1. Would you check which residues across the range 385-405 are among the small types (Gly, Ala, Ser) and near ligand 1 (Cβ under 8 Å from one of its atoms) and list them?
2. Does residue 443 satisfy the criteria of being at pLDDT below 90, open to solvent by less than 60 Å² (accessible area, probe 1.4 Å) and within 16 Å of ligand 2 (Cβ to nearest atom)?
3. Do you know which residues across the range 193-215 are within 19 Å of residue 141 (Cα to Cα) and open to solvent by less than 30 Å² (accessible area, probe 1.4 Å)?
4. Of all residues in the range 409-423, which are among the aliphatic types (A, V, I, L, M) and touching a residue at least 24 places away in the same chain (Cβ under 8 Å)?
5. Here are the criteria: (1) in contact with a Leu (Cβ under 9 Å, 6 or more places away or on another chain); (2) within 14 Å of ligand 1 (Cβ to nearest atom); (3) assigned to a loop (DSSP other than H, G, I, E, B). Tell me which single one residue 408 does not satisfy.
6. Determine which member of the set 350, 341 is over 26 Å from residue 160 (Cα atoms), modelled with pLDDT under 80, outside any helix (DSSP H, G or I) and open to solvent by less than 60 Å² (accessible area, probe 1.4 Å).
7. Has the range 216-236 got at least one residue that is polar (S, T, N, Q) and within 24 Å of residue 137 (Cα to Cα)?
Amino acid sequence: MPPKATSRSSISQELFSVLSFLSPRRRVQLVLVFLLSLVGAFAEMATLGAIIPFLAILTGGSEQCSALSVVCGLSPTQISFGFAAIIATATLLRLLLAWVSTRFAYAAGADLGYEVYNRALHQPYRFHVERNSSEIIAAIGRVNLLITSVLSPIMQGMVALIICIGIIAALITVDVTTALIAAVSIGLFYVVVTKTTRKLLEANSRIEAEAETQRVKILQEGLGGIRDILLDGTQGMYTKRFRTATFRQRTALATNLFIRSTPRYLIEGAGMLVMVVLAWWIQSTQGLEVALPTLGALALGAQRMLPQLQVAYLAWSSLSASKAIVSDVVAFLNLPMPTEIDPNAAERAISASPSQPVVVLDKVGFAYKSDGAAILRDIELVVPQGSRIGFIGKTGSGKSTLIDVIMGLLHPTSGEIRVGGQVLSDSNRRAWQSRIAHVPQSIYLTDASIAENIAFGSERHQIDMARVSAAAQRAQIDSYVQQLPEGYDTHVGERGVRLSGGQRQRIGLARAFYKNADVLVLDEATSALDDATETLVMNAIAAIDGDITVLIIAHRLTTLKNCDVIVRLEKGQIVRQGTYAEVIGN
Ligand SMILES: Nc1ncnc2c1ncn2[C@@H]1O[C@H](COP(=O)(O)OP(=O)(O)OP(=O)(O)O)[C@@H](O)[C@H]1O
Ligand SMILES: [Mg+2]
């Protein structure tokens with residue numbers, strides 16, 4: 001599920017909140033598009049207004065002429081040219097409007113996609129631990145639908161409605177009764193159609209959105225687990241799931257498409273029927289010659305209005321058919337952003353007292369779920385500056401969780417953490433984290449060059465190659481990289497598939513060394529290395545600046561030989577704490 005959907009708010013409210021995420025510049029553009037639509041609507045009215053004197057003069061009628069004496073003084077040629085000029089202007093205006101409103105919709109969509117990604121990336125680690133990444137990927141994919149299925153049609157629908165109102169106003173000046181009969185009967189038809197189809201459109205939109213998340217999930221799982229699938233031959237299971245989800249989604253889409261396109265055929269038929277009846281009525285009461293200009297205006301009005309009405313209806317139905325998309329996107333947009341703080345100020349405050357321990361844990365407890373079992377209990381730990389602390393304990397005893405809590409990725413559910421004497425909080429967490437370099441248990445490599453993976457998070461042109469190679473030397477990967485034909489420019493493949501497990505780990509280590517942080521955290525960072533290589537890496541760590549604090553988790557006890565303190569965890573509690581000899585013995 002996406003983050004908490006805004007509780008049962010109407011689609012217009014939700015759409016309004018989408019608009020509130022637009023930049024001031026976009027909002028100004030929105031107003032400009034709206035104003036341009038008004039001009040467009042006036043141009044439409046002018047076209048219609050001009051046809052009456054045009055037809056009147058061409059048919060030699062004089063009745064309308066008395067009211068429009070300015071035009072009547074002109075020759076038929078002049079009038080024809082004038083009329084053509086008005087039509088050309090109106091057409092050009094409509095082209096401009098279509099271009100401007102579509103551009104606006106896509107630009108706004110780009111802004112919103114950025115905003116969703118930005119907010120997702122700023123959510124605490126816990127947010128990501130609790131959900132499947134396919135939800136976020138599907139939601140960002142859906143932002144595109146928000147443009148094509150919601151923003152763009154709404155812009156066009158708005159313009160179309162304004163033009164319709166303009167046309168009706170113009171028709172009213174020609175013949176009140178006829179215009180009103182036409183407007184009311186067509187309006188009623190749309191009211192009936194929208195009332196009956198709304199629920200179905202919305203329900204299908206929910207199905208479509210859910211199926212999309214499922215599809216992304218199945219795709220990711222199938223491709224991510226390709227080794228197992230190939231070995232087990234379970235392709236069929238994945239393709240079947242994919243087909244079910246796709247079929248469900250496409251059925252919902254097809255139904256909605258049908259609902260949306262049907263009124264068009266009905267309305268075109270019904271519209272023409274109304275016109276014929278009105279034409280017959282006018283000519284039988286007023287006579288053909290008098291009625292011709294009015295009939296011309298009506299026919300032109302209908303010819304211009306029906307497509308516009310269809311655009312307006314499509315906008316409405318797109319909106320109903322996209323309710324689920326709007327809700328999902330709004331839910332992501334409403335995610336809180338961390339409060340902006342000045343990281344440098346906090347950093348100065350934190351590092352101001354070197355005599356303080358780097359970090360202190362005071363009766364820290366942690367549970368992944370508020371009603372779930374405690375993973376960490378009553379953790380008391382003091383990490384002095386420059387110390388080397390080793391963590392041991394059975395698998396599942398809570399070592400990685402403890403590290404995540406110390407690093408401020410997970411927030412303690414009880415007790416407190418103090419860094420440099422200050423309680424770790426939202427205002428100094430970023431500053432604390434910026435001092436840490438971390439090699440996780442499973443290293444994430446991007447599909448980029450080795451240099452980019454070591455200088456992770458730096459722009460290509462900002463990479464300091466001397467620092468990259470120094471970091472790689474410490475991590476014992478430099479000589480391997482040197483003998484590759486493309487050296488540090490070698491691409492490692494998706495998640496580093498083109499490297500061995502130990503090579504990946506050493507790139508992870510080099511990444512941590514490159515960061516020049518003053519707290520180094522290694523979680524099973526050398527587990528895949530052979531003994532000799534591991535010894536070299538650990539010697540390099542022992543040789544680093546004595547001011548740097550190192551926290552190491554390891555199953556292999558020899559890894560921890562150089563640690564000042566060893567902490568043994570058992571079921572989320574510290575059961576022993578002391579020197580290597582005290583805790584492990586000789
Ligand atoms: N995201 C999570 N949600 C719920 N429980 C979790 C989550 N991550 C870990 N756990 C649980 O927390 C406990 C501690 O896990 P943790 O990863 O900290 O163990 P560990 O000591 O690092 O183990 P290992 O040596 O195997 O890496 C485990 O029982 C695990 O099932
Ligand atoms: Mg672990």
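1. 393, 396, 397, 398, 400
2. Here the answer is yes, as residue 443 does meet what is asked.
3. Across the range 193-215, the qualifying residues are 204, 205, 208, 209, 211.
4. Looking only at the range 409-423, we keep the residues that are among the aliphatic types (A, V, I, L, M), and these are 409-410, 417, 419, 423.
Of everything in the range 409-423, those that are among the aliphatic types (A, V, I, L, M) and touching a residue at least 24 places away in the same chain (Cβ under 8 Å) turn out to be 409, 410, 417, 419.
5. Of everything listed in (1) in contact with a Leu (Cβ under 9 Å, 6 or more places away or on another chain); (2) within 14 Å of ligand 1 (Cβ to nearest atom); (3) assigned to a loop (DSSP other than H, G, I, E, B), residue 408 misses just condition (2).
6. 341
7. Initially, the range 216-236 is screened for residues polar (S, T, N, Q), giving 220, 234-235.
Those still in the list that are within 24 Å of residue 137 (Cα to Cα) too: 220, 235.
Yes: the range 216-236 contains one or more residues that are polar (S, T, N, Q) and within 24 Å of residue 137 (Cα to Cα).
Listed here are the residues, each with its yes/no results for (1) within 15 Å of ligand 1 (Cβ to nearest atom); (2) assigned by TED's automatic domain parsing to the domain that holds residue 404; (3) surrounded by fewer than 17 Cβ atoms within 10 Å (Cβ to Cβ); (4) modelled with pLDDT of 85 or more.
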{"residue": "545", "(1), (2), (3), (4)": "no, yes, yes, no"}
{"residue": "562", "(1), (2), (3), (4)": "no, yes, yes, yes"}
{"residue": "565", "(1), (2), (3), (4)": "no, yes, no, yes"}
{"residue": "571", "(1), (2), (3), (4)": "yes, yes, yes, yes"}
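The values are calculated or read from the model by the stated rules, or taken from the named source; none is laboratory data. Bear in mind that the values here come from a model prediction, so they are computed numbers and not experimental data. Every residue, glycine among them, receives a Cβ derived from its backbone with ideal geometry; neighbour counts consider all protein chains shown. Just so you know, the surface numbers come from the protein's heavy atoms only, side chains and all, with ligands and any DNA or RNA stripped out. Shrake-Rupley method; radii C 1.70, N 1.55, O 1.52, S 1.80 Å.
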